[in-house]
Structures are given as C-alpha cells and as structure tokens.
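Novice: Mind looking over this structure? Questions follow.
We did not get these values from a lab; they are worked out from the coordinates using the rules stated. Here the structure is a predicted model, which is why all the values come from computation and not from measurement. All Cβ positions, glycine included, derive from the backbone under ideal geometry; neighbour counts span all protein chains shown.
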Amino acid sequence: MSASTPLRVYDAAAIAVRLTGPLRHWRHQDGCLVRTYRTGGWKGTMMLVNAIGHLAEAAWHHPEIRATYPAVEVRLDTHDAGGVTDRDFELAGRIEDFVHWRPADGGALEGTPDEAAYLYIRYDD
C-alpha cells in the first residue's frame, strides 16, 4: 500500500467483529486495540517487550508498550489514519502468533519446563 492510499479506519462494531478467534484476548479501548500479557516477572516482561519491539520495527508500525513487573500492555492504533486499521489487526495477529508459539509435542525442541522457576509468560490457553 502506498503512502498516498488512504487506510480504512474501522468503527467500534467492525472492530468487535474482528476481535474474535486468534484476537479474542484483545479489546477495543480508547480508540486502540489493547492486549495485556501476564508474565512471570521482570525477565519475562523484558523478553516480551523486546520480541514485540522486533516485530514492530520489522513491520514499521510501532505500538505503545507499557512494561511492569508482572505484565506488558500493548496498544495499537494507526496515528496518521486516526484510528484502528488493518495495520493494527495484522500486527496484533503477528504478536499473538509469536507470543503463543511453543514447540510441538514430540519435536526436537522441549520447551520451557512447567515449573514456577522457569515461568516467563502466562499463556492464555
């Protein structure tokens, strides 16, 4: 999409329709798509912020990120369009895919042990 092509800004009803399935943990709040990820502590919070930062920079679409000891809040909107656009939905989907990826059962990768000492993110299964 070129810079001169206007972006569709979604209204509240259209946003609600899109916040289902893989994006069901996101909400529409104050004109943004918002998601709060619970982490296992500061280490998990920093890992998550850096991962989201990588995705945002690669997409050249930058969210507001609030980092606290037990959580990361992500707020997406397209400032130059004045609301929520496809850019926001697409980046939200990429973030969800990345954050919730885990090794497949039976694969060579084991995954993080299910013990409190290793907890870095609390998954929303």
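Novice: Order these by the 10 Å Cβ neighbour count, fewest first: E57, E73.
Specialist: E57, E73
Novice: Does region 4-78 classify as rounded, prolate or oblate by the C-alpha gyration tensor (a ≥ b ≥ c root eigenvalues; a/c under 1.5 gives rounded; else a/b over b/c gives prolate, otherwise oblate)?
Specialist: Because a/c hits 1.5 or more and a/b fails to exceed b/c, region 4-78 counts as oblate.
Novice: Here is a follow-up. Could you give the length gained on full extension between D124 and T5, defined as 0.36 nm per residue of separation minus the Cα-Cα distance, in nm? Let's see the in-between values first.
Specialist: Details: separation 119, 0.36 × 119 = 42.84 nm, distance 3.64 nm.
Using 0.36 nm per residue and subtracting the Cα-Cα distance, I get 39.2 nm.
Novice: Could you give the radius of gyration (one decimal) and Dmax (whole number) of the Cα atoms in region 79-120, in Å?
Specialist: My reading of the Cα-based Rg and Dmax gives 16.3, 46 Å.
Novice: Further question on the same structure: If the elastic network links every pair of Cα atoms under 10 Å, which of T20, T39, T85 fluctuates the most in the Gaussian network model of the chain?
Specialist: T20
Novice: Further question on the same structure: Could you tell me whether region 25-66 comes out rounded, prolate or oblate from its Cα gyration tensor? Rule is a ≥ b ≥ c as square roots of the eigenvalues, rounded for a/c under 1.5, then prolate if a/b exceeds b/c, otherwise oblate.
Specialist: Since a/c reaches 1.5 but b/c is at least a/b, the shape of region 25-66 is classed as oblate.
Novice: Angle check, please: helix 42-59 long axis (alpha carbons) against the longest principal axis of the chain (alpha carbons), in degrees 0 to 90, nearest 10.
Specialist: 40 degrees
Novice: Next question. Give me the extension gain from E73 to A104: residue separation times 0.36 nm, minus the current Cα-Cα distance, reported in nm with one decimal.
Specialist: This chain segment gains 8.4 nm when fully extended.
Novice: Separate question: Let me check I've understood the local charge: for A81, count other residues with C-beta under 11 angstrom from its C-beta, Lys and Arg +1, Asp and Glu -1. What total comes out?
Specialist: Neighbour charge sum, excluding A81 itself: -2.
Novice: Using the 10 angstrom Cβ neighbour count as an exposure proxy, how do W26, W60 rank, fewest first?
Specialist: On the way: W26 24, W60 8.
Exposure proxy ranking, most exposed first: W60, W26.
Novice: Given only helices, namely DSSP H runs of n ≥ 4 each adding -39500 (n - 2.57), what is the per-residue ellipticity at 222 nm of the chain, to the nearest 500 deg cm²/dmol? Present the calculation step by step, with values, prior to reporting the outcome.
Specialist: Values: 3 runs with 40 residues, N = 125.
Computed mean residue ellipticity for the chain: -10000 deg cm²/dmol.
Novice: Could you please report the charge total around Y120, scoring K, R as +1 and D, E as -1 over all other residues with beta-carbon less than 11 angstrom from its beta-carbon?
Specialist: +3
Novice: Moving on to the next point. Which label marks the calculated value of Cα Rg over 2.2 N^0.38 Å, given the options (i) 1.60; (ii) 1.14; (iii) 1.07?
Specialist: (ii)
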